[in-house]
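The values are calculated or read from the model by the stated rules, or taken from the named source; none is laboratory data. Keep in mind that this is a model prediction, so the values were computed, not measured. Cβ coordinates were reconstructed from backbone atoms using ideal geometry, including for glycine residues, and neighbour counts include every protein chain displayed.
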Amino acid sequence: MLDQTITENPYSFSTPAGNGRLFVEPAPLLTWLTEHLADPDGVILLYGQPRIGKSSLLLHLLDHPLNPHLLPLYFDLTALNTDSLAVFLYDLVQTAVN
């Protein structure tokens, strides 16, 4: 039998890290992003498997911008509830404006 106390798991499987929650800043990735976004035509599409930190990284960039001239845009596609491209684009622009 284990004599250790089991504490709460710091990792969330339902929400991204952020707002003071556990987040380990990936310095090499932030350096790469800074270099590639210095290009005036630079656009980054962040995609990957679930639960690897995509949303956490974007939320971190909202609070700690890499460059004052860049606008990180966090848009939750899981909350998307439309079949219309026009409504999607409208919601995307509203997110950027707000």
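Within segment 1-43, which residues are of a type in the set (G, A, S) and either farther than 23 Å from A96 by Cβ or modelled with pLDDT of 80 or more (or both)?
Once the filter is applied, which keeps residues that are of a type in the set (G, A, S) and either farther than 23 Å from A96 by Cβ or modelled with pLDDT of 80 or more (or both), segment 1-43 yields S12, S14, G20, A27, A38.
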Filter result for A96 (more than 16 Å from V43 (Cβ to Cβ), of a type in the set (A, V, I, L, M, F, W, C), free of Cβ contacts under 8 Å to residues at least 40 places away in the same chain and in a helix (DSSP H, G or I)): no
Top-ranked residue in segment 44-98 [being at positive phi and surrounded by 12 or more Cβ atoms within 10 Å (Cβ to Cβ); ranked as modelled with the highest pLDDT]: G53
